[in-house]
Every structure is written in structure tokens, then in C-alpha cells.
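S.K.: Mind looking over this structure? Questions follow.
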Amino acid sequence: MRWKNGAGWTSEIIKVPDADDWDWRLSIAEIETDAPFSAFPGVERELVLLSGNGLRLRFDDGASHELLPPHDKLRFAGERSAFGELIDGPTRDFNLMWKREAVNAQLWHRPLVGTMVLFVDPGETWIVHMLAGQARFVDGTGFGELGMGDTAVLPAIDGARTRHAIDGGGEALLIRISPVGAVSSTEVAEAPPLD
């Protein structure tokens, strides 16, 4: 679909709820030319470089930030006017957006070596996006295999705390979405986050 400002293209992974007035949204942007970013008042954004030689964001307040390979990331307010400049050729960028009055979101870049266990509390949603490698669910929940570029959305099942176990090798983005004001006892087992 076209960007909100018409200056680029994006592939939407999911938005919740599935309506124009969403609370959170995941997408992948294909950036082929320097272009302004759309403004999203009331929204927080986190951008992760998936591929390409880098993207420089210049903000109207004079700040500048470079997303460099392999997977630099930047969190910023959707109200900030930003202009994206390609450093050396096109990029693909993972884009997490959430309305700050509706939900909280956290994003980690993690290695996947062996088994990783996620505990999803009621009201929460976890997302696993594979940056590299392969993985499979070994928890009996019926989820299948994941390859590079695949995304799994993991809710609590039947309103109860749910355990999800993933086995494999590679790198992943892990995202936790929770209601504003929720206190989570969620744990991520095994290795600590890379950043």
C-alpha cells in the first residue's frame, strides 16, 4: 500500500484492531528513494533496518540518526517530522507503530540458539519476526515453522498465561504489546537481549 503521505510503499503485516483506527501496527517499508516520513500524531514508532546499506533520518529539530547494517533500530515519536535519506541504495525497514494512550510496546533484537521460551500474560501479545535462520514451535500450540522474513503473532490462549517454546537457530525481533497500565510478569527465558 502507499505510504500515508504517498511518498513510498509498505507491506502491512498486521494491525490491531483491523481498522483504520488501529492501536498497533507492524509493516515493512521498501525505500527506494529519499523521502519524507509520514506524520503519526499520538503514535510511537520503532524502525529496524532489515536490509540495505543504511538509512539516515533527519528530523526537523536538527537531530540526525543513521540506521546501519546489520540491524540498527531507532525509536521516535510519530509527531516528529523526519526525512529519510538512503546511504547507498534501497533499504527494507521493519516498522512497529503503537498509539501511546492505548498500548505499550517493547522491541528486542535477540539471537536464537536452541530453545527460547516466551510467557504471554492475559491481554498481552508477543510477536516473533525472524531476521535470519529457521525456527519451529515445540510447545504443542499448533504453530508451525518460521523462516527468514516470517512473523508469528502469539496471544495468550483462552485468557490464561500461555507458554510458547521456539527451537532453532538465527536472529529474531521480539515484540511485546501490552495494555497501558498493565503489570506484566512475562519472562523471556535463555539468552539476554542483544541490545
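The values are calculated or read from the model by the stated rules, or taken from the named source; none is laboratory data. None of these values were measured; they are calculated from a predicted model. As a convention, Cβ positions derive from the backbone with ideal geometry for all residues, glycine included, and neighbour counts pool all protein chains shown.
S.K.: Please work out which residue is surrounded by the most Cβ atoms within 10 Å (Cβ to Cβ), limiting yourself to the range 136-148 and to residues that are of a type outside the set (Lys, Arg), at pLDDT 90 or above and over 17 Å from the mean Cα position of the chain (by Cα). Give the steps one after another, and end with the answer.
M.R.: Residues of the range 136-148 of a type outside the set (Lys, Arg): 137-148.
If we keep only those that are at pLDDT 90 or above as well, we get 137-138, 145-148.
Next cut, over 17 Å from the mean Cα position of the chain (by Cα) only: 137-138, 145.
Working: PHE137: 19, VAL138: 14, GLU145: 12.
Ranking the candidates gives PHE137 first.
S.K.: If you don't mind, there's one more thing I want to ask. Out of all the residues in the range 67-122, which are free of Cβ contacts under 8 Å to residues at least 40 places away in the same chain and part of a strand (DSSP E or B)?
M.R.: Within the range 67-122, LEU67, LEU74, ARG75, PHE76, ALA77 meet the criteria.
S.K.: A further question follows. Considering ASP60, ASP93, which residue is buried (at least 20 other Cβ atoms within 10 Å of the Cβ) and outside the structural domain of ILE175 (by TED's automatic domain parsing)? Can you show your working first?
M.R.: Numbers: ASP60 fails: buried (at least 20 other Cβ atoms within 10 Å of the Cβ).
Just one listed residue meets the conditions, ASP93.
S.K.: Still on this structure: Which residues, taken from the range 150-169, are within 19 Å of LEU131 (Cβ to Cβ) and in a loop (DSSP other than H, G, I, E, B)?
M.R.: Applying the first criterion (within 19 Å of LEU131 (Cβ to Cβ)) to the range 150-169 yields 150-154, 164, 166-169.
ASP150, the sole residue that qualifies.
S.K.: Would you check which residues across the range 123-135 are at pLDDT 95 or above and either assigned to a strand (DSSP E or B) or exposed (fewer than 15 other Cβ atoms within 10 Å of the Cβ) (or both) and list them?
M.R.: Initial filter on the range 123-135 (at pLDDT 95 or above): 124-135.
Within the range 123-135, THR125, TRP126, ILE127, VAL128, HIS129, MET130, LEU131, ALA132, GLY133, GLN134, ALA135 meet the criteria.
S.K.: Could you check, for the range 12-21, whether at least one of its residues is in a loop (DSSP other than H, G, I, E, B) and touching a strand residue (DSSP E or B) at 6+ places or on another chain (Cβ under 8 Å)?
M.R.: Going through the range 12-21, the residues in a loop (DSSP other than H, G, I, E, B) turn out to be 17-21.
Those still in the list that are touching a strand residue (DSSP E or B) at 6+ places or on another chain (Cβ under 8 Å) too: none.
Among the residues of the range 12-21, not one is in a loop (DSSP other than H, G, I, E, B) and touching a strand residue (DSSP E or B) at 6+ places or on another chain (Cβ under 8 Å), which makes the answer no.
S.K.: Filter the range 54-102 for residues that are within 20 Å of the chain's Cα centre (by Cα) and of a type in the set (Gly, Ala, Ser) and give the result.
M.R.: Selection gives GLY54, ALA77, GLY78, ALA82, GLY84, ALA102.
S.K.: Criterion first (under 18 Å from the mean Cα position of the chain (by Cα) and closer than 24 Å to ALA102 by Cβ) does ALA29 satisfy it?
M.R.: So ALA29 passes the test.
S.K.: For THR151, which of the numbered conditions (1) among the polar types (S, T, N, Q); (2) under 13 Å from the mean Cα position of the chain (by Cα); (3) surrounded by fewer than 17 Cβ atoms within 10 Å (Cβ to Cβ) fails to hold?
M.R.: (3)
S.K.: Criterion first (outside the structural domain of ILE14 (by TED's automatic domain parsing), in contact with a strand residue (DSSP E or B) (Cβ under 6 Å, 6 or more places away or on another chain) and β-branched (Val, Ile, Thr)) does VAL117 satisfy it?
M.R.: Values: outside the structural domain of ILE14 (by TED's automatic domain parsing): yes; in contact with a strand residue (DSSP E or B) (Cβ under 6 Å, 6 or more places away or on another chain): yes; β-branched (Val, Ile, Thr): yes.
Taking the combined requirement at face value, the residue satisfies it.
S.K.: Same structure again: With respect to GLY78, determine if the residue is outside the structural domain of GLY149 (by TED's automatic domain parsing) and on the phi > 0 side of the Ramachandran plot.
M.R.: Values: outside the structural domain of GLY149 (by TED's automatic domain parsing): yes; on the phi > 0 side of the Ramachandran plot: no.
Considered against the rule, which asks whether it is outside the structural domain of GLY149 (by TED's automatic domain parsing) and on the phi > 0 side of the Ramachandran plot, GLY78 comes out as no.
S.K.: Hey, another quick one. Condition first: part of a loop (DSSP other than H, G, I, E, B) and surrounded by fewer than 18 Cβ atoms within 10 Å (Cβ to Cβ). Now tell me which residues in the range 39-57 satisfy that.
M.R.: In the first step, residues of the range 39-57 are kept if they are part of a loop (DSSP other than H, G, I, E, B); the result is 39-42, 52-54.
ALA39, PHE40, PRO41, GLY42, ASN53, GLY54, listed by residue number.
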